[in-house]
1. Out of L30, L47, I need the residue that is of a type in the set (A, V, I, L, M), closer than 27 Å to V12 by Cβ and open to solvent by 40 Å² or more (accessible area, probe 1.4 Å). Which one?
2. Could you list all residues from the range 39-55 that are outside any loop (DSSP other than H, G, I, E, B) and more than 16 Å from Y95 (Cα to Cα)?
3. Name the pairs whose Cβ atoms lie under 7 Å apart, with the first residue in the range 25-46 and on the phi > 0 side of the Ramachandran plot, the second open to solvent by 70 Å² or more (accessible area, probe 1.4 Å) and polar (S, T, N, Q), and 6 or more positions between them or separate chains?
4. Looking at (1) assigned to a loop (DSSP other than H, G, I, E, B); (2) open to solvent by less than 40 Å² (accessible area, probe 1.4 Å); (3) of a type outside the set (S, T, N, Q), can you tell me which one G35 breaks?
5. Which condition number does Y94 fail, the rest of (1) over 14 Å from G35 (Cα atoms); (2) within 12 Å of the chain's Cα centre (by Cα); (3) not β-branched (V, I, T) being met?
6. Tell me, yes or no, whether the range 6-13 has at least one residue that is over 15 Å from the mean Cα position of the chain (by Cα), over 24 Å from D109 (Cβ atoms) and surrounded by 14 or more Cβ atoms within 10 Å (Cβ to Cβ).
7. Only residues that are of a type in the set (D, E) and out of contact with any Phe, Trp or Tyr (no Cβ under 9 Å at 6 or more places or on another chain): list them for the range 79-109, please.
8. Does S21 count as under 16 Å from Y95 (Cβ atoms) and either more than 14 Å from the chain's Cα centre (by Cα) or among the hydroxyl-bearing types (S, T, Y) (or both)?
Amino acid sequence: QVQLVESGGGNVQAGGSLRLSCAASGSTNLITATGWYRQAPGKQRELVAIIYWSGGSTYYADSVKGRFSISRDNAKNTVYLQMNSLKPEDTAVYYCAARTVGVQSNEYDAWGQGTQVTVSS
């Protein structure tokens, strides 16, 4: 079983930056991918970025390409989401999610509690 804890959210003005962290514990050796999702009030949850632990390949939603960067620190079992050039439409609760061995693609079996990001204009 994997546990995830996000941190790093906060309030920032448009154009600013934040770095979110997702610290994993438990059976971290079973993680195959970690994703960041976000959900704004009244909107559906949206996939933001994914990093695959084997090979380190990444995926980004079109809405954040060129502004956000996902990375990982294997020694710390932590995945980061560097968010630059933030826009008010990036305001949401950000969640990290982990997929472990045997779980189907596009599904995640561990979720963090979420961290609020608020971007003011």
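1. L47
2. Within the range 39-55, Y52 is the sole residue that qualifies.
3. Cβ pairs passing all conditions: G26/Q1; G26/Q3.
4. (1)
5. (1)
6. As a first pass, look at the range 6-13 and keep what is over 15 Å from the mean Cα position of the chain (by Cα): 11-13.
Checking the rest, the ones that are also over 24 Å from D109 (Cβ atoms) come to 11-13.
Still in the list and also surrounded by 14 or more Cβ atoms within 10 Å (Cβ to Cβ): 12.
For the range 6-13, residues over 15 Å from the mean Cα position of the chain (by Cα), over 24 Å from D109 (Cβ atoms) and surrounded by 14 or more Cβ atoms within 10 Å (Cβ to Cβ): present.
7. Here is the first cut: in the range 79-109, the residues of a type in the set (D, E) are 89-90, 107, 109.
Passing the criteria: E89, E107, D109.
8. Criteria met by S21.
The values are calculated or read from the model by the stated rules, or taken from the named source; none is laboratory data. Every value quoted in this text rests on a predicted model; they were computed, and no experiment measured them. Neighbour counts run over all protein chains shown; Cβ positions are idealised from the backbone, glycine included. Keep in mind that these areas ignore ligands, DNA and RNA; they rest on the heavy atoms of the full protein, side chains included. Shrake-Rupley method; radii C 1.70, N 1.55, O 1.52, S 1.80 Å.
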